[in-house]
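> Sharing a structure with you now.
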Amino acid sequence: MPEPNPAPERRGGEPRHRRPAPLLFEPPDAASDPEHFFDLESIEDPRELLGRATELALAFRAAADRAMEFQAMAAAQLADPGRFDRLPDEAIADRAEWTADYARKMIEFGRELMRDRTPE
């Protein structure tokens, strides 16, 4: 799993969140076909195929980045010493299938994210 990285920043120092391309849900019949992937196999024009495939790749990357931020914030909340049901780093690592060292980094990253989102 890659190291946690915040979203790219704008000039003002605020995180920039890209709007991902719409991920159209696949019908159940299409999802069962291993050759079917967001209808890309039906696009014959290579320019159009490259454009749509790039949109999907960027959308999945943006979704993965956002999901990782939420993982980090959840880990930080679970590790909060103020919680009566606080979990040790190793337990968080087990739940997320991380190493203990990576869990500690994600907890710190989550704390930074929550600090940045808290109005002063």
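Just so it is clear, none of the values below were taken in a lab; they were calculated from the coordinates. All values derive from a computational prediction rather than experimental measurement. Please note: Cβ atoms are built from the backbone with ideal geometry, for glycine as well, and neighbour counts cover all protein chains shown.
> Provide, for q = 0.18, 0.21, 0.25 Å⁻¹, the log10 of I(q)/I(0) from a solvent-free Debye sum over equal Cα point scatterers in the stretch 63-119.
Normalising to I(0) and taking log10 leaves -0.54, -0.72, -0.97.
> Run the numbers for Asp85 and Phe60: contour at 0.36 nm per residue of separation, minus the present Cα-Cα distance, in nm. Before the final figure, lay out the partial values.
Working: separation 25, 0.36 × 25 = 9.00 nm, distance 3.34 nm.
In short, 5.7 nm is gained.
> Moving to a separate point now. What number comes out for the charge environment of Glu90, summing +1 per Lys or Arg and -1 per Asp or Glu over other residues with Cβ under 15 Å away?
0
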